[in-house]
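J.: Could you have a look at this structure, given as structure tokens, before my questions?
The values are calculated or read from the model by the stated rules, or taken from the named source; none is laboratory data. Keep in mind the model is a prediction, meaning the values are calculated, not measured. For neighbour counting, all protein chains shown are included, and Cβ atoms are generated from backbone atoms with ideal geometry for every residue, glycine included. For accessibility, only protein heavy atoms count, side chains too; no ligands or nucleic acids. Shrake-Rupley method; radii C 1.70, N 1.55, O 1.52, S 1.80 Å.
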Amino acid sequence: MDSSPFEQLTIVCVTYQSHALIESLAATLRPFPHVLVIDNASQDGTVSAVRKWLPHARIIERTDNGGFGKANNEAMAQVRTPLALLLNPDCDIKPDGLLTLMDTLRRYPSAGIVAPQSWRAGQKPQKCFRPAFYEPPLKTPYRVADATCSAQWLHGCCLLMRTDAFRHVGGFDERFFLFYEDDDLCLRLQKAGFECLLEPAANAWHAGGTSSAPSLKVRFTRSFHYARSRHLAIRKYLGSGAGWRYLIKIMLAAVPLVLVYALLFQRRHFIKWVAWGCSATASALARDPALGHGFVKATPESPRVAPQTRSART
């Protein structure tokens with residue numbers, strides 16, 4: 001295979017406790033000449049596994065877990081190619097799929113970012129695009145798009161972007177430790193004049209939820225940051241009043257639901273609601289100027305049209 005098209009591309013992968021995934025990740029990344037792995041202070045031998053299975057990769061070893069957005073920003077500062085693919089360690093994309101994404105950016109100069117259609121086990125399509133999180137959810141089931149389309153949100157597991165577009169908007173907002181950072185990035189790219197595209201002709205395979213080894217701590221941490229990031233996104237785009245209503249709703253629901261799920265021995269839901277309650281309480285008590293009145297309610301940049309029916313502009 002001629003690797004010359006991929007000389008224009010750096011693949012960036014953030015790892016955390018991802019040792020079990022590195023061998024399969026290396027098989028995905030081995031064909032590409034420029035690979036940058038940034039590790040969020042894993043303690044399970046992730047970095048040594050990357051050195052073993054992917055010796056040509058550049059590695060950045062962080063001394064703490066700064067979250068998904070912060071790690072990607074730090075890695076992107078080292079990228080010297082015009083294109084960068086942000087890839088989760090539990091996601092696989094083939095060279096032909098990546099070439100399709102690169103061709104889509106070539107065909108649409110207005111686009112700053114493009115995502116493939118990703119699939120779960122059993123050929124189940126993953127929801128890869130939708131309206132902004134503050135829009136009313138679509139009432140129809142998700143279906144795979146039949147053409148390149150523009151959307152307000154793209155799934156963050158596999159994103160090909162123009163490096164200069166990413167830097168133009170300042171990269172990820174690092175206040176989002178985990179979750180909603182892809183929502184925020186897409187919305188800011190669109191506000192800056194860049195389209196966000198879904199390319200269904202390119203496919204990726206995403207295990208989902210396996211980027212880190214499963215444990216009770218990981219489950220609690222993910223749930224905690226989901227609630228925190230949703231609150232941050234609501235305050236940023238809908239205002240402080242909406243943010244407070246969200247926190248109050250979570251705090252009122254958390255106590256009875258924690259008790260119910262404890263009595264029913266439903267551990268997964270029990271952990272989720274303990275984490276959500278802790279997160280909402282912590283956010284309510286926080287004295288963070290970034291979450292104060294400095295935010296201005298955002299005006300949606302795109303018409304409220306279901307993304308499945310909206311084709312990319314030429």
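J.: Given the conditions (1) surrounded by fewer than 18 Cβ atoms within 10 Å (Cβ to Cβ); (2) out of contact with any Pro (no Cβ under 7 Å at 6 or more places or on another chain), and given that residue 19 satisfies all but one, which numbered condition is not satisfied?
T.: With respect to (1) surrounded by fewer than 18 Cβ atoms within 10 Å (Cβ to Cβ); (2) out of contact with any Pro (no Cβ under 7 Å at 6 or more places or on another chain), residue 19 is out only on (1).
J.: Quickly run through region 111-144 and pick out the residues that are more than 17 Å from the chain's Cα centre (by Cα), small (Gly, Ala, Ser) and surrounded by 13 or more Cβ atoms within 10 Å (Cβ to Cβ).
T.: Correct list: 111 only.
J.: A further question follows. So in region 185-210, with the set limited to residues that are surrounded by fewer than 23 Cβ atoms within 10 Å (Cβ to Cβ) and within 25 Å of residue 64 (Cα to Cα), which one is modelled with the lowest pLDDT?
T.: 210
J.: Against the condition touching a residue at least 24 places away in the same chain (Cβ under 8 Å) and assigned to a helix (DSSP H, G or I), how does residue 173 come out, does it pass?
T.: no
J.: What single numbered condition from (1) in a helix (DSSP H, G or I); (2) over 25 Å from residue 229 (Cβ atoms) fails to hold for residue 73?
T.: Answer for residue 73: the failing condition is (2).
J.: Is one or more of the residues making up region 66-76 closer than 22 Å to residue 204 by Cα and more than 20 Å from the chain's Cα centre (by Cα)?
T.: No, there is no match, as no residue in region 66-76 is closer than 22 Å to residue 204 by Cα and more than 20 Å from the chain's Cα centre (by Cα).
J.: Which ones in region 1-23 are outside any loop (DSSP other than H, G, I, E, B) and either without any contact (Cβ under 8 Å) to a residue 24 or more places away in the chain or in contact with an Asp or Glu (Cβ under 7 Å, 6 or more places away or on another chain) (or both)?
T.: 4, 15, 19, 21
J.: Could you grab me the full set of residues in region 30-46 that are outside any strand (DSSP E or B), under 28 Å from residue 180 (Cβ atoms) and either in contact with a His (Cβ under 9 Å, 6 or more places away or on another chain) or open to solvent by 70 Å² or more (accessible area, probe 1.4 Å) (or both)?
T.: 42, 43, 44, 46
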